[in-house]
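Read-outs throughout are calculated quantities, based only on the coordinates presented, and are distinct from any laboratory measurement. Not measured: the values here are computed from a predicted model. Note that each Cβ is placed from the backbone with ideal geometry, even for glycine, and that neighbours are counted across all protein chains shown.
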Amino acid sequence: MKIAIIGGGIGGLSAALHLLKAGLDVHVYEQSSRIGEIGAGIQISPNASRLLIRLGLEPAMDRVGVRPVTIHQRRWDDGRTLQRAPLGPEVEEAFGAPYYHFHRGDLAEFLGAALSADRLHVSHKLVDLEQKGERAIARFENGASVEVDLVVGADGIHSRVRHLTFGPEKPRFTGCIAWRGLVPAERVAHLGIEVASHNWMGPDGHVVHYWVASQRFMNVVCVTEHGTWTDESWTNRGKVADALARYEGWHPTVRGLIAAFPETFVWALHDRAALPRWSGGRVTLLGDACHPMLPFMAQGAAQSIEDGATLASLLSIMPGDVPAALRRYEELRKPRATRLQDASAANRTRFHLHDGPDQQQRDAAMAASGDRSIANIGWLYRHDASVIPDQGPRAPT
Ligand SMILES: Cc1cc2nc3c(=O)[nH]c(=O)nc-3n(C[C@H](O)[C@H](O)[C@H](O)COP(=O)(O)OP(=O)(O)OC[C@H]3O[C@@H](n4cnc5c(N)ncnc54)[C@H](O)[C@@H]3O)c2cc1C
């Protein structure tokens, strides 16, 4: 079976590795001239790290990744702890895989390096798709085209594959923007920040930060409610002074981190309502192309990695019946991705409460039985996306 993956982001690259491991003939077509990611961090939880480890990537993950010890959620002004839950050895023991923090560039690099160069086609921007019986033809801006048994659209929130398969539909601006900064460790050494996933919650905003790149940088994302926005690029330069002004009155650690930004970029956060279908004929979608979500569960990339693992398992189980495999793929993946889209949106409300009765209720709930305790997060972290239910005891791909 020949498969063309459109998009060489985290979802497309990891799907290609899963499909190759399942013995399928797969090529990745990426519009950019090189594989890479913007300078920012990403959290990879055990539900996704177990899949990457199974691909043989653990040495690379340990070389550049950071394993946080805990997740620490705090109040915006006085820094009082709202919830503290394990992310270190207890999580690895409970769920069979570690929690990692990466620089996105590192993650993209080791995923890309694991694919042989002849399977990775950069400077290939998909412009058109045609379906002919049991085949699909992908055409690229550079004049090239490929005819395959299956096209997988891993081309992100503005997916051209989705547009060509299901028609145009714009992602929606959520009303949140994010300032991001990547701070060299020496600039924040005086703040003594532990190796954890930190989340400060306050009125109309929250701030997440953690160490990346073998603790050489602190990745900081400051989210705030904003109203309107027109652009959506990670590369929109913002002003550090504006970010500092927005976080007036916040804890000195938060303000100290922002003040240490060498530069800052602003990103408008978009999402999309759950799609009715992910597949049409010999075309399917994965990752942000079909289930973009607010980043407030830190699961967008993790879910794209899960998508690829499930798709690979299904296509290896039923190689002769691609439509049936795609139906099952949607049945297995859509409810979980939709649950995470909803949970991410709910966290926006929870994280951004003004001080008052709702905030007090939230804080009491977090103190009583935090949603990040091992017991409460098991539904998310224990999941093994490469195991297909009702398929007997076969080894996961
Ligand atoms: C602030 C923030 C923090 C986040 N934190 C986390 C986190 O901690 N953990 C987590 O799991 N997720 C996180 N996410 C979500 C995560 O970044 C995304 O879900 C993930 O990157 C999606 O990967 P993808 O491969 O589906 O899409 P993308 O990363 O968008 O990749 C799509 C690729 O397709 C290419 N492409 C697009 N169009 C074409 C075309 N026509 N032809 C060829 N190629 C094309 C693009 O160039 C790109 O390389 C966060 C998101 C944000 C905004």
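Compute, for the range 189-329, the length of the dipole vector about the Cα centre, with Cβ point charges of +1 (Lys, Arg) and -1 (Asp, Glu) only. Units Debye, rounded to 20. Don't skip to the answer; put the middle values down first.
On the way: 10 positive and 13 negative charges, 60 e Å.
Around 280 debye, computed over the range 189-329.
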Worksheet item: Regarding the range 213-358, what is the average projected area of its C-alpha convex hull, in nm²?
Response: 12.2 nm²
Worksheet item: What residues from the range 12-39 fall in the zone where the backbone N is under 17 Å from a label point 7 Å along the Cα-to-C-beta line of SER123?
Response: 28-36
Worksheet entry | Expected-Rg normalisation [2.2 N^0.38 Å, Cα atoms] applied to the range 295-382 | 1.45
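Send over the Kirkwood Rh of the range 108-171, from the inverse of the averaged 1/r over different Cα pairs, rounded to one decimal Å.
Numbers: mean 1/r = 0.0757 Å⁻¹.
Averaging 1/r across every pair of different Cα atoms and inverting gives 13.2 Å.
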Item to complete: For the range 240-246, take each phi angle, set θ = phi - 60°, evaluate the Karplus expression 6.51 cos²θ - 1.76 cosθ + 1.60, and give the result in whole Hz per residue in order, putting x for glycine and proline.
Response: 4, 4, 5, 5, 4, 5, 5
Item to complete: Can you tell me the dipole magnitude for the chain around its Cα centre, using point charges on the Cβ only (Lys, Arg +1; Asp, Glu -1), in Debye to the nearest 20?
Response: 180 debye
Worksheet item: By what distance, in whole Å, do the Cα atoms of the range 1-131 stretch along each of the three principal axes, largest value first?
Response: 56, 32, 29
Practice prompt. Give me the Debye-computed log₁₀ of I(q)/I(0) at q = 0.10, 0.14, 0.15 Å⁻¹ for the chain, equal point scatterers on Cα only, no solvent, two decimals.
Written response: -0.65, -1.26, -1.42
Worksheet item: Residue-wise, which Karplus ³J(HN,Hα) couplings in Hz belong to the range 151-158, taking 6.51 cos²θ - 1.76 cosθ + 1.60, θ = phi - 60°, and x for glycine or proline?
Response: 9, 10, x, 10, 9, x, 4, 9
Discussion item. Just want to confirm a number: the relative contact order over the chain, from Cα pairs under 8 angstrom separated by 6+ residues, in percent.
Written reply: 22 percent
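Taking only pairs that are 8 or more places apart or on different chains, how many Lys pairs in the chain have Cα atoms under 26 angstrom apart? List each step's numbers first, then the result.
Numbers: LYS2/LYS21; LYS2/LYS125; LYS2/LYS132; LYS2/LYS334; LYS21/LYS125; LYS21/LYS334; LYS125/LYS170; LYS170/LYS334.
Final tally of qualifying lysine pairs is 8.
What net charge is computed for the residues neighbouring TYR381, neighbours being all others with C-beta under 15 Å from the C-beta of TYR381, Lys and Arg scored +1, Asp and Glu -1?
0
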Worksheet item: Where does the charge balance sit around PRO98 when Lys and Arg score +1, Asp and Glu -1, over other residues with C-beta under 12 Å from its C-beta?
Response: -3
Fill in: Label-point separation, ASP62 to ARG80 (7 Å along Cα→Cβ), nm
4.2 nm
Worksheet item: Can you pull the Kirkwood radius for the range 1-52, inverse mean 1/r over Cα pairs, to one decimal in Å?
Response: 12.3 Å
